[in-house]
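Note sheet for the following structure.
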Amino acid sequence: MKKRFPKNFLWGGATAANQYEGGYNEGGRGLALSDLITNGSNSSPRKIYYMDTKGNENSIILGMSLPKGAKSILKENQYYPSHKATDFYHHYKEDIKLMAEMGLKCYRMSISWTRIFPNGDDALPNEEGLKFYDSVFDELLKYNIEPVVTILHFDMPKHLADVYGGWANRRLIDFYTKYCETVFTRYKDKVKYWITINEINVLGGYWTLGLNSASEDLTDVNVEKGAGIHIKLPDEEARAKFQALHHLMIASSYANKIGHEINADFKIGCMLALSGIYPATCHPDDVFGAYDFRRRAYLYADVMLRGYYPSYSEAIFDEYNFTLQKADGDDEILRDFPSDYFAFSYYRTTTYNRNGAKTVTTGGQQGDSNPYLEETPWGWPIDAKGLRFVLNELYDRYQKPLFIVENGMGNVDAMEDDNSINDDYRIDYLEKHIKEMYEAVTVDGVDLMGYTWWGPIDIVSAGTGEMKKRYGFIYVDMDDLGNGTLERKKKKSYYAYKNIIETNGECLHK
Ligand code: BG6
């Protein structure tokens, strides 16, 4: 008999505070680094402005570190998309109702660290911020929607970067674990599923790690077009990044320890960006190159799920003359407190071409396009079968429950004369990916906890800061510069996903 999807499968949607929540200066919230990023586009990267030690104003692009001693600034006459985002802060009741009507079983969201600790190192948490998330979780639970909470999603306090130099400083481990302990304790009866850090394998530079250590000429940085965050790091920045990521992984392991002490039923996962990678040809250098490329992402999952640095990490570190600094007890905390499950994002696949290695980044994400696949308007190859491949690849390697916590397509939506939005391209993407996911579970036997579509409601793009790169089943009336009524409207895809959830995926498998 053909197996079916598990009855308790977590169908849902996913967002992040810095792209959705807004209310950046309300309720006692402090400034986060995501609040300092301008809008942009595929051809004009998002920027962070700063003042250098001589008082000169300049800017960096996403992924880069600030020069030593520089301080980031908010610049007048710039549009900062996170400040309002699509205003979940004031619309959460309306939005959660829409999600409930769509049938979502779970909703993945992130907590904004600076809403809880405005500076990151405050002695006491901000009660108004804690209350806000109490209200959000209560609203979700009212509709039997299970919250899945990301503790850190591209969203660190500016003060921790200014004063401590970000995650390069081990003290951040203490601030982060205090933040974790605070939210674990406060929400222990409301939230069961946690994710410690979003997409750890693609973090880097100032925005996501608060690194303030660049000494090389930033104007030399090679930025590739077409795929959002796509940057080759200079050696010194790569070294700072590896050390910072070590601190993050230690912090994540402490969070696993503390979380289970607070509530033994918690499920606490790690999360990586794991869109797939193929060799461009069967030339052995392409095949091994693709494998080597993939290991730059596996590295972090190996540490967080298996509990130790893999042997090949030495070779990667050697490329940058990097020596990892470990403190006493680091090996033990990694070994003893691995993640409970493996959450990942999957949007696309990419190909590794031995002649096109200049497009490879250390995060293991970007590469060349694939002649067999169609692409989104933002140049992301669409590859549903690749999802089945990646699910098998990860389950074979780690044998831990998997959770697809981001999958989706960014596209331009047009409103018809009758005000309807007929996003058949999104429905096609959704259905094809879910069919492959179904095969992975029912035929290949992958242990999959759930699936959360990225941006069930339109939110700001992380990579480009655009609003027109929409992922939602629910439209939000707002343009790239924040103009619009913020009115919410169901798209055609809303009904398609509702039907998939209602039938537990069976409607696609008659
Ligand atoms: C993931 C991030 O990398 O990709 C999200 O976790 C992001 O925050 C998503 O929004 C899609 O990327 P983009 O650039 O289209 O928003």
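Here are the numbers:
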read-out: Qualifying position, being within 16 Å of the ligand (Cβ to nearest atom) and acidic (Asp, Glu), among Glu436, Glu406; value: Glu406
read-out: Qualifying positions in region 11-30 - away from the ligand (no atom under 13 Å from the Cβ) and in contact with a Phe, Trp or Tyr (Cβ under 7 Å, 6 or more places away or on another chain); value: Trp11, Gly12, Gly22, Gly23, Glu26, Gly27
read-out: Matching strands (runs of 3 or more DSSP E) fully within region 56-160 where at least 1 residues are within 26 Å of Gly12 (Cα to Cα) and among the hydrophobic types (A, V, I, L, M, F, W, C); value: 106-110, 146-152
read-out: Residues of region 409-433 classified as within 16 Å of the ligand (Cβ to nearest atom) and closer than 30 Å to Thr38 by Cβ, total; value: 9
read-out: Residue within region 473-496 that is open to solvent by 10 Å² or more (accessible area, probe 1.4 Å), more than 30 Å from Ser34 (Cα to Cα), away from the ligand (no atom under 16 Å from the Cβ) and free of Cβ contacts under 8 Å to residues at least 12 places away in the same chain present; value: yes
read-out: Residues (closer than 25 Å to Glu319 by Cα and surrounded by fewer than 23 Cβ atoms within 10 Å (Cβ to Cβ)) located in region 251-275; value: Ala273
read-out: Residue ranges of strands (runs of 3 or more DSSP E) in region 252-345 with at least 2 members modelled with pLDDT under 95; value: 276-279
read-out: Residue that is without any contact (Cβ under 8 Å) to a residue 24 or more places away in the chain, crowded, with 19+ Cβ neighbours inside 10 Å and under 14 Å from Ser252 (Cα atoms), where the choices are Asp331, Asp302; value: Asp302
read-out: Matching residues, region 336-346, being open to solvent by 20 Å² or more (accessible area, probe 1.4 Å) and within 14 Å of Leu391 (Cβ to Cβ); value: none
read-out: 1 or more residues small (Gly, Ala, Ser): qualifying strands (runs of 3 or more DSSP E) within region 368-482; value: 448-454
read-out: Verdict on Tyr278 being among the aromatic types (Phe, Trp, Tyr) and either touching a Cys at 6+ places or on another chain (Cβ under 9 Å) or surrounded by fewer than 16 Cβ atoms within 10 Å (Cβ to Cβ) (or both); value: no
read-out: Residues of region 313-328 classified as surrounded by 15 or more Cβ atoms within 10 Å (Cβ to Cβ) and either polar (S, T, N, Q) or out of contact with any Asp or Glu (no Cβ under 6 Å at 6 or more places or on another chain) (or both), total; value: 4
read-out: Exclusive hit being farther than 23 Å from Val148 by Cα, at pLDDT below 95 and in contact with a Ser or Thr (Cβ under 8 Å, 6 or more places away or on another chain), set Lys2, Lys54; value: Lys2
read-out: Residue pairs meeting the criteria (Cβ under 7 Å; at least 6 apart or on separate chains; first closer than 13 Å to Arg108 by Cβ, in region 186-200; second within 11 Å of the ligand (Cβ to nearest atom) and open to solvent by 10 Å² or more (accessible area, probe 1.4 Å)); value: Asn198/Phe154
read-out: Matching residues, region 188-207, being surrounded by fewer than 24 Cβ atoms within 10 Å (Cβ to Cβ) and among the acidic types (Asp, Glu); value: Asp189
read-out: Output for region 74-91, where each listed residue is touching a residue at least 24 places away in the same chain (Cβ under 8 Å) and open to solvent by 40 Å² or more (accessible area, probe 1.4 Å); value: Leu74, Lys75, Gln78, Tyr79, Lys84, His90
read-out: Region 387-403: number of residues that are within 16 Å of the ligand (Cβ to nearest atom) and out of contact with any helix residue (DSSP H, G or I) (no Cβ under 7 Å at 6 or more places or on another chain); value: 2
read-out: Criterion (more than 16 Å from the ligand (Cβ to nearest atom), under 30 Å from Lys68 (Cβ atoms) and of a type in the set (Ser, Thr, Tyr)) met by exactly one of Tyr164, Tyr92; value: Tyr164
read-out: Residue within region 82-89 that is out of contact with any strand residue (DSSP E or B) (no Cβ under 9 Å at 6 or more places or on another chain) and either at pLDDT below 95 or at positive phi (or both) present; value: yes
read-out: Residue check for Tyr300: closer than 19 Å to Tyr395 by Cβ and among the hydroxyl-bearing types (Ser, Thr, Tyr); value: yes
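Results for (1) surrounded by 24 or more Cβ atoms within 10 Å (Cβ to Cβ); (2) within 21 Å of the chain's Cα centre (by Cα); (3) modelled with pLDDT of 95 or more, shown as yes or no for each residue.
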| site | (1), (2), (3) |
| --- | --- |
| Lys358 | no, no, no |
| Pro371 | no, no, no |
| Gly379 | no, yes, no |
| Asn411 | no, yes, yes |
| Ser420 | no, no, yes |
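A quick yes/no check of all residues on (1) open to solvent by 10 Å² or more (accessible area, probe 1.4 Å); (2) out of contact with any strand residue (DSSP E or B) (no Cβ under 8 Å at 6 or more places or on another chain):
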position	(1), (2)
Asn8	yes, yes
Trp11	no, no
Glu21	no, yes
Asn25	yes, yes
Asp35	no, yes
Thr38	no, no
Asn42	yes, yes
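The values are calculated or read from the model by the stated rules, or taken from the named source; none is laboratory data. Remember, predicted model here, so these are calculated numbers, not experimental data. Cβ coordinates were reconstructed from backbone atoms using ideal geometry, including for glycine residues, and neighbour counts include every protein chain displayed. Only protein heavy atoms, including side chains, enter the accessible area calculation; ligands, DNA and RNA are left aside. Shrake-Rupley method; radii C 1.70, N 1.55, O 1.52, S 1.80 Å.
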